[in-house]
Amino acid sequence: MSSAIDFNRVLEIGRPPNIKQLFPHSRALVVSGKVVDRAMIAKGRAMTIAANGRSHLIIRGALLAAQRANAAIIIEIARSEGGAKAYCATSYWNIARQVDALCNEMAITVPVAIHADHYGIKSSDDIPFAKVEIPSMFDAGVTSIAIDASHMADDDNLLANIELADCIPAWAGYETEIGEIKGKLGLSSPDEALFLIKGLNAHGIFPDWIALNNGTTHGIEASDQGIQVELTREIHDVLAPFNVSGAQHGTSGNSSDRLRAIVSQTRTTKANVATALQMISWGLEVNDYGNARLDDNGDFVKIAGEGVTEELWDEMKTYAAAQGWKKGDYKKLNLVFENRILGQAGDVRERMAGRVADFLYTMLVEVCNAENTADYAREAIIEAGTYDLGPKVGIIEQPAEWTVEKIREKAARLDTDKGPQGDFDD
């Protein structure tokens, strides 16, 4: 790998057209999600963090960590967090502007993808609206998207992905999903993963990532179940001819050792981290699993002199109590308190972002093996000569075998346990 890559050349050819149009004079290397995925593959057994930017200071901290680690990174927001009914101030429509501004302010030179995570399709009735809203997100600077129709039947999930494919630029990163997040219930199977990826391939659709229900949970609760590494490896091996990488959801609740196993034993290149970053930025104590620690009274443990001020934390707790919110509802404080958080003194804001940066730097370097993947990403752009790296494979499946009628027939023969309704709110 060349050590003397011309950054100006990478900047000139590596930014997608929507980013160039929005930020014509920018020095921020905002790239397609494909670039980040390819960087992890090029290094080998590496995955990067997809940091959920629930607040401006989390985004700041994540970018600082990536620069320190020289790691390509993804900044993302999910539909529940930043969609039309958001519980965060960061949204699908302002996240790119925040990232671009921060990269220019802090001289961030690592490649950064902007990912619209968990774009949920709960029924076919959602598709007409999605056909309008998804293009608006790319207009606003998104460079990668996850279509999450996993809570629908297998055939409907596949058909929803097919129908929405035209809304996604060919150069953009693309994630598909077969499993809602529901812990040990309704685990994904190799058969349903192969069904989805084969059907997409037959229609000329080539996902960069697939997300599974491989035993994870969302939120703040510790889990002794955690990621099922062997199941993940089995599914990834079945999908090997299609060159699909894994997207690991629900990393909070899993130890560093288990995440290292996902890196070393599976084809995972993207790991979502959300709740842990929120808690860390606020100054709460977290364990190795990324879960906020609770005291004997069941309350969060706030570290004095870390994160938000003690006065603001008291306000946040008081507000949550007045709403009757449980601990898992504290995520809703993001929208209510973002301006109060940004209105704190500079040293407080700096320590909030710093806590996030320290946590993610350790994750990137010591857990995810993502250090120096920025170099691989830049080289991939130079070698391609363009922002569009194209698909990793071509059409393998026979299109005639994947008509709507045959999709329905194949799905009816699948023997999968979907389990109860899962959690698609994070």
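The values are calculated or read from the model by the stated rules, or taken from the named source; none is laboratory data. The shown structure was predicted, so the numbers you read here are calculated from the model rather than taken from an experiment. Using ideal geometry, Cβ is built from the backbone for each residue, glycine included, and neighbour counts are taken over all protein chains shown.
The table below gives the values:
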| quantity | calculated |
| --- | --- |
| Any hit, the range 332-354, residues being under 20 Å from A113 (Cβ atoms) and among the aromatic types (F, W, Y) | no |
| From the options I341, I382, I395, residue that is part of a helix (DSSP H, G or I), aliphatic (A, V, I, L, M) and more than 21 Å from C88 (Cα to Cα) | I382 |
| Selected residue (criterion: surrounded by the most Cβ atoms within 10 Å (Cβ to Cβ)) from residues of the range 84-129 that are of a type in the set (S, T, Y) and more than 19 Å from V10 (Cα to Cα) | Y92 |
| Listing of helices (runs of 4 or more DSSP H) fully contained in the range 55-110 that carry 3 or more residues being hydrophobic (A, V, I, L, M, F, W, C) | 56-69, 95-106 |
| Test: residue in the range 347-365 that is of a type in the set (A, V, I, L, M, F, W, C) and outside any helix (DSSP H, G or I) | no |
| When residues of the range 130-157 are limited to those that are of a type in the set (S, T, N, Q) and closer than 20 Å to S32 by Cβ, the one surrounded by the fewest Cβ atoms within 10 Å (Cβ to Cβ) | S136 |
| Test: V99 is in contact with a Pro (Cβ under 8 Å, 6 or more places away or on another chain), within 21 Å of A146 (Cβ to Cβ), touching a residue at least 40 places away in the same chain (Cβ under 8 Å) and not small (G, A, S) | no |
| Selection count where residues are farther than 25 Å from R79 by Cβ and either at pLDDT below 95 or not small (G, A, S) (or both), scope the range 283-339 | 28 |
| Criterion: touching a Pro at 6+ places or on another chain (Cβ under 6 Å), crowded, with 18+ Cβ neighbours inside 10 Å, closer than 29 Å to K34 by Cβ and touching a residue at least 60 places away in the same chain (Cβ under 8 Å) - qualifying residue of A370, A357, A377, A411 | A377 |
| Cross-chain or 6+ apart pairs with Cβ under 6 Å, the range 160-189 first and more than 17 Å from E230 (Cα to Cα) and at pLDDT below 90, then buried (at least 22 other Cβ atoms within 10 Å of the Cβ) and of a type in the set (G, A, S) | E180/S150; I181/G250 |
| Filter pass, A78 being surrounded by fewer than 19 Cβ atoms within 10 Å (Cβ to Cβ), of a type in the set (A, V, I, L, M, F, W, C) and at pLDDT 95 or above | no |
| Residue in the range 56-73 that is under 14 Å from E379 (Cα atoms), surrounded by fewer than 19 Cβ atoms within 10 Å (Cβ to Cβ) and touching a Phe, Trp or Tyr at 6+ places or on another chain (Cβ under 6 Å) present | no |
| Cross-chain or 6+ apart pairs with Cβ under 7 Å, the range 298-316 first and in contact (Cβ under 8 Å) with a residue 12 or more places away in the chain and closer than 17 Å to A353 by Cβ, then of a type in the set (S, T, N, Q) and surrounded by 12 or more Cβ atoms within 10 Å (Cβ to Cβ) | G307/S281; V308/Q344; T309/Q344; L312/Q344 |
| Selection within the range 104-129 - touching a Phe, Trp or Tyr at 6+ places or on another chain (Cβ under 7 Å) and among the hydrophobic types (A, V, I, L, M, F, W, C) | A116 |
| Considering residues of the range 337-350 that are of a type outside the set (A, V, I, L, M) and without any contact (Cβ under 8 Å) to a residue 60 or more places away in the chain only, the residue surrounded by the fewest Cβ atoms within 10 Å (Cβ to Cβ) | G346 |
| Qualifying residue in the range 377-384 (condition: of a type outside the set (S, T, N, Q) and in contact with a strand residue (DSSP E or B) (Cβ under 8 Å, 6 or more places away or on another chain)) | yes |
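To keep it simple, each residue is scored yes or no on (1) part of a helix (DSSP H, G or I); (2) hydrophobic (A, V, I, L, M, F, W, C); (3) out of contact with any helix residue (DSSP H, G or I) (no Cβ under 9 Å at 6 or more places or on another chain).
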{"residue": "I5", "(1), (2), (3)": "no, yes, no"}
{"residue": "V10", "(1), (2), (3)": "yes, yes, no"}
{"residue": "P24", "(1), (2), (3)": "no, no, yes"}
{"residue": "V35", "(1), (2), (3)": "yes, yes, no"}
{"residue": "R38", "(1), (2), (3)": "yes, no, no"}
{"residue": "I41", "(1), (2), (3)": "yes, yes, no"}
{"residue": "R45", "(1), (2), (3)": "no, no, no"}
